[in-house]
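Participant: Below are the structure tokens for one structure; questions will follow.
Nothing in this text is a laboratory measurement; each read-out follows from the coordinates by a stated rule. Remember, it's a predicted structure, so these values are computed and weren't measured experimentally. Quick reminder, even Gly has a Cβ in these numbers, built from the backbone with ideal geometry, and neighbours come from all protein chains shown.
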Ligand code: DC
């Protein structure tokens, strides 16, 4: 069973995807983490972020890995655990260059599809999972929320991680990412064909996950009994 969840930053899709995967007892893939590791790699190696060929080459030769745990993803770069570092504002401020690179996207989408083939079942989240990576997914969701709500959620996470940011900075970063995510030439953020739209502005994560489970059951897909897999 392949379930895709796409949507903008701060829409709540990552938390929903993690919890949904745990509830379904299947692996969860955070594809944003892939773009983030490649961003960190490019920054560390001083790769020109506007040089398409250099970015694609760095992504192809880069020594990085994602370890898919049951509820989180562990990212390593040259053997170093960078799971936290890839969430920093410094990385967030530069992912748009990596996400706009056709060469990097081709490579990462191929890796995502290979992971899907290998594991068989997956909850995968990103910007292009239902539209490009898994157009034949069993079920596709598109999760959104108003920008003020998304910024408040992001701010919360960043402050918890010890970053010194305020709401205005986070809002600006989100606006910029929304613009570049939806306007880029390759794989722009769009509602995939056949996707179920969920507006999470006024919903708790629990309500979002329950709503998804209802759709999954309705589609005739198997949902394990609650209890042992409930998180
Ligand atoms: O979801 P996130 O904030 O961790 O994503 C990080 C960046 O990667 C963001 O700029 C959007 C981009 N991205 C993408 O272009 N395609 C994906 N499938 C996932 C993320």
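Participant: Angle check, please: helix 205-218 long axis (alpha carbons) against the longest principal axis of the chain (alpha carbons), in degrees 0 to 90, nearest 10.
Facilitator: 60
Participant: How big is the C-alpha Rg of region 121-217 next to the rule-of-thumb value 2.2 N^0.38 Å, as a ratio? Let's see the in-between values first.
Facilitator: On the way: Rg = 15.0 Å, N = 97, 2.2 N^0.38 = 12.5 Å.
That ratio works out to 1.20.
Participant: Taking the number of other C-beta atoms within 10 Å as the exposure measure, put 149, 140, 19 in order starting with the fewest. Working shown, then result.
Facilitator: Values: 149 17, 140 24, 19 20.
Taking fewest neighbouring Cβ atoms as first place, the list is 149, 19, 140.
Participant: Restricted to Cα positions, what overall size does region 5-56 have along the principal axes? Three whole-Å values, descending.
Facilitator: Cα extents, longest axis first: 41, 20, 17 Å.
Participant: Moving to a separate point now. To the nearest 10 degrees, how steep is helix 13-24 against the longest Cα principal axis of the chain, on a 0 to 90 scale?
Facilitator: Rounded to the nearest ten degrees, it is 50.
Participant: Right, next: Taking every DSSP beta bridge with both residues inside the chain, roughly what % is antiparallel (nearest 5)?
Facilitator: Numbers: 7 of 23 bridges.
If I count the DSSP bridges inside the chain, around 30 percent turn out antiparallel.
Participant: Send over the Kirkwood Rh of region 81-152, from the inverse of the averaged 1/r over different Cα pairs, rounded to one decimal Å.
Facilitator: Details: mean 1/r = 0.0694 Å⁻¹.
Hydrodynamic radius (Kirkwood, Cα only) of region 81-152 equals 14.4 Å.
Participant: Next question. Could you work out the relative contact order of region 95-231, using alpha carbon pairs under 8 angstrom and six or more residues apart, expressed as a whole percent?
Facilitator: Details: 104 pairs, mean separation 41.2, N = 137.
Worked out over region 95-231, it gives 30 percent.
Participant: If you don't mind, another one. With only alpha-carbon atoms in the gyration tensor, what are the semi-axes of the equivalent ellipsoid for region 35-84, in Å, largest first?
Facilitator: Details: eigenvalues 98, 18, 16 Å².
Values for region 35-84, descending: 22, 10, 9 Å.
Participant: Right, another one. How big is the chain by Rg and Dmax over its Cα atoms, in Å?
Facilitator: 16.9, 50
Participant: Using only Cα atoms and rounding to the nearest 10 degrees, what angle (0 to 90) does helix 52-61 make with the longest principal axis of the chain?
Facilitator: That works out to roughly 70 degrees.
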